[in-house]
Amino acid sequence: MVDSINKPGRLRPAPENFLSEEQIKAVGAGRRDFLRKSFLAAGAALAAPVVARASEGDSAILNLPEWTTTLGQAVAVRPYGVPSKYEANVIRRESPGLTRVGAASVSFCPLQSLFGIITPSGLHFERHHQGWHDIDPARHRLMINGSDPEFLKKPKVYTMDDLMRLPSVSRIHFIECGANTGLEWGNVAVPTVQYTHGMLSCSEFTGVPLKLLLEDCGVDYKKARFVLAEGADGSSMTRTIPMEMVENGEVIVAWGQNGEMLRPENGYPLRLVVPGVQGVSWVKWLRRIEVGDKPYATKDEAVHYIDLMPDGLHRQYTSIQECKSVITTPSGGQQLLDKGFYNVSGVAWSGRGKIKQVDVSFDGGLNWQTARIEGPVQNKALTRFNINWVWDGKPAILQSRAIDETGYVQPTYGQLRKVRGTKSIYHNNAIQSWKVLESGEVSNVQVL
Ligand code: MTE
């Protein structure tokens with residue numbers, strides 16, 4: 001079993017702990033019968049540690065708990081559902097290593113505690129350059145204009161009601177901040193996957209394709225080749241998006257997230273969804289779109305979100321998030337409690353399309369095995385992978401390596417640093433390594 005500083009006991013039970021044939025048959029025999037028979041079956045069929053517990057008499061089986069003997073709570077006691085109190089450790093966290101500047105900060109998503117590919121909205125990571133607001137949708141507007149009247153014939157202002165009458169689409173996409181895994185460039189080796197990779201989330205977004213709005217405003221695609229998106233918060237967040245990304249219909253002006261309205265922290269009531277592109281271009285509290293004929297070189301693309309290369313030059317407009325993956329369980333800060341079977345699980349993603357394959361190594365990259373991909377695999381979305389592992393109790397180094405549909409293979413730190421040097425902050429998609437000690441302790445290490 002695995003234990004975690006953030007959340008205990010998340011690995012699936014070892015095969016020897018699965019229900020025995022007798023236990024399964026006993027389910028049909030009524031609850032009391034089942035409890036007695038399952039206790040007997042446990043003594044006969046289960047592995048040593050469990051046998052010991054059963055022979056002592058497991059009170060969790062022998063004594064009926066209060067949830068079986070008392071009346072439960074009524075419906076709608078909580079009109080909006082919240083997680084169990086036993087899940088109180090599954091929360092967004094601020095990194096102890098990052099300084100908060102006013103309201104400008106980051107909270108990281110607890111990847112080690114999540115299953116599948118959808119991030120619950122309340123756990124979606126947050127990155128605000130100037131804090132968040134809960135904006136009144138009745139007072140929110142989206143203006144669409146051109147930097148020259150030639151580029152867009154009919155500039156318009158839309159209310160939320162105007163927008164939500166239009167034909168909408170719902171699509172599942174990941175969003176990753178360009179600075180995700182940024183501390184690892186300096187080999188800082190922060191302790192948990194929440195801090196190494198937690199500026200990553202994946203939701204179903206609902207909204208109207210930006211293409212539809214631009215065409216409604218009479219865009220001239222021949223002349224208007226770039227879009228500037230602007231947020232309504234005090235950070236003057238503005239980003240240039242090439243028109244090809246809009247023309248293919250993928251960019252969405254979204255109001256929905258996982259079946260409900262966006263959360264205020266994530267841009268309520270309107271945000272831009274730019275699939276495959278780094279999070280900063282997903283402008284929140286979206287209030288204006290301008291079309292123009294050249295990139296705008298705003299502060300958030302000329303000074304920030306650029307990469308210092310080994311030759312001293314800066315790389316700009318590297319917006320697509322390259323193929324990447326990480327094992328989320330077991331991961332740094334967790335503890336394997338005994339040797340035996342584990343379901344090793346993680347997520348993979350690519351800003352260039354679908355994930356084709358994920359390989360996993362248990363010996364620091366010497367040998368690789370192909371993991372099971374949990375489909376259906378979606379375009380520019382998180383993809384869950386799983387692989388069986390029988391831990392022999394000896395030290396191990398766990399790694400995952402993703403390959404996307406373009407054939408791009410996620411690089412090692414050695415390969416990435418050869419091209420990018422060591423002075424970057426952004427766009428680190430190197431293979432992550434988790435070291436398992438004989439004690440079962442799991443920690444972050446860098447393997448070149
Ligand atoms: N949009 C506005 N208006 N203001 C911001 O501070 N932060 C950007 C982007 N959009 C930001 C913004 C950054 S850097 C990222 S990574 C994503 O929003 C984070 O989105 P999230 O907070 O929903 O996770």
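Does the stretch 353-448 come out rounded, prolate or oblate by the C-alpha gyration tensor, with a ≥ b ≥ c the root eigenvalues, rounded set by a/c under 1.5 and, if not, prolate when a/b is larger than b/c and oblate if not?
Cα axes put the stretch 353-448 in the oblate bin.
Which aspartates and glutamates have a Cα less than 19 Å from the Cα of K85, not counting those fewer than 8 places away in the same chain?
Partners found: D3, E66.
Could you tell me the center-to-center distance, by alpha carbons, between the stretch 264-311 and the stretch 388-448 in angstrom?
Each part's Cα centre sits 29 Å from the other's.
Leaving out same-chain residues fewer than 8 places away, which aspartates and glutamates sit with a Cα under 17 Å from that of K324?
Candidates past the 8-residue exclusion: E176, E184, D359, E374, D404, E405.
With a 1.4 Å probe and every protein chain left in place, tell me how much accessible area T70 has, in Å² to the nearest 10.
The value for T70 is about 80 Å².
Quick check on the stretch 290-432: take the gyration tensor over C-alpha atoms, sort the square-rooted eigenvalues as a ≥ b ≥ c, and tell me if it's rounded (a/c under 1.5), prolate or oblate.
It is prolate, given that a/c is not under 1.5 and a/b is the larger ratio.
Would you work out the Kirkwood radius for the stretch 239-297? I mean one over the mean of 1/r across all pairs of different Cα atoms, in Å.
That comes to 12.1 Å for the stretch 239-297.
Rounded to a whole number, what % of the accessible area of the chain do carbon and sulfur atoms account for, probe 1.4 Å?
For the chain, the apolar C and S fraction of the accessible surface comes to 55 percent.
Which order do H129, H173 take when ranked by solvent-accessible area (1.4 Å probe, heavy atoms of all protein chains), largest first?
H129, H173
Any idea how far the Cα center of the stretch 338-363 sits from the one of the stretch 199-231, in Å?
Comparing the Cα centres of the stretch 338-363 and the stretch 199-231, I get a distance of 33 Å.
Using a Cα-Cα cut-off of under 17 Å, which lysines could be cross-linked to K394, ignoring same-chain neighbours fewer than 8 residues away?
The qualifying lysines are K339, K435.
Compute the accessible area per residue over the stretch 127-315, keeping the other protein chains in place, probe 1.4 Å, unit Å².
Normalised by residue count, the accessible surface of the stretch 127-315 is 38 Å².
Can you send over the solvent-accessible area of T68, 1.4 Å probe, protein chains only, in Å² to the nearest 10?
Using a 1.4 Å probe on the heavy atoms, I get roughly 60 Å².
Using a 1.4 angstrom probe on the protein heavy atoms only, line up I373, I425 by accessible area, largest first.
Ranking I373, I425 by accessible area, largest first, yields I425, I373.
Mind listing which GluC sites (Glu not before Pro) in the stretch 363-448 are in a DSSP loop and have 12 or fewer other Cβ atoms within 10 Å?
The qualifying sites are E438.
Using only the Cα atoms of the chain, what are the Rg and Dmax in Å?
That works out to 24.9, 83 Å for Rg and Dmax.
Given only helices, namely DSSP H runs of n ≥ 4 each adding -39500 (n - 2.57), what is the per-residue ellipticity at 222 nm of the chain, to the nearest 500 deg cm²/dmol?
Mean residue ellipticity at 222 nm (helix-derived): -4000 deg cm²/dmol.
I'd like the accessible area for M309, computed on protein heavy atoms only with a 1.4 Å probe and all protein chains in place. Round to 10 Å², please.
Near enough 40 Å² of accessible area.
Keeping all protein chains in place and using 1.4 angstrom, which order do V390, V409, V273 fall into by accessible surface area, from largest down?
Output order, biggest surface exposure first: V390, V409, V273.
Using a ≥ b ≥ c from the Cα gyration tensor of the stretch 91-135 (square roots of the eigenvalues), is it rounded, prolate or oblate, where a/c under 1.5 gives rounded and otherwise the larger of a/b and b/c decides, a/b for prolate?
Since a/c reaches 1.5 but b/c is at least a/b, the shape of the stretch 91-135 is classed as oblate.
On a 23 Å Cα-Cα criterion, which of the cross-link pairs K156/K380; K153/K223; K211/K356 come out too long?
K156/K380; K211/K356
The values are calculated or read from the model by the stated rules, or taken from the named source; none is laboratory data. All values reported here derive from a predicted model rather than from experimental measurement. Note: ideal-geometry Cβ built from the backbone for every residue, glycine included; neighbour counts use all protein chains shown. Remember, those area values only see protein heavy atoms, side chains included, never the ligands or the DNA or RNA. Shrake-Rupley method; radii C 1.70, N 1.55, O 1.52, S 1.80 Å.
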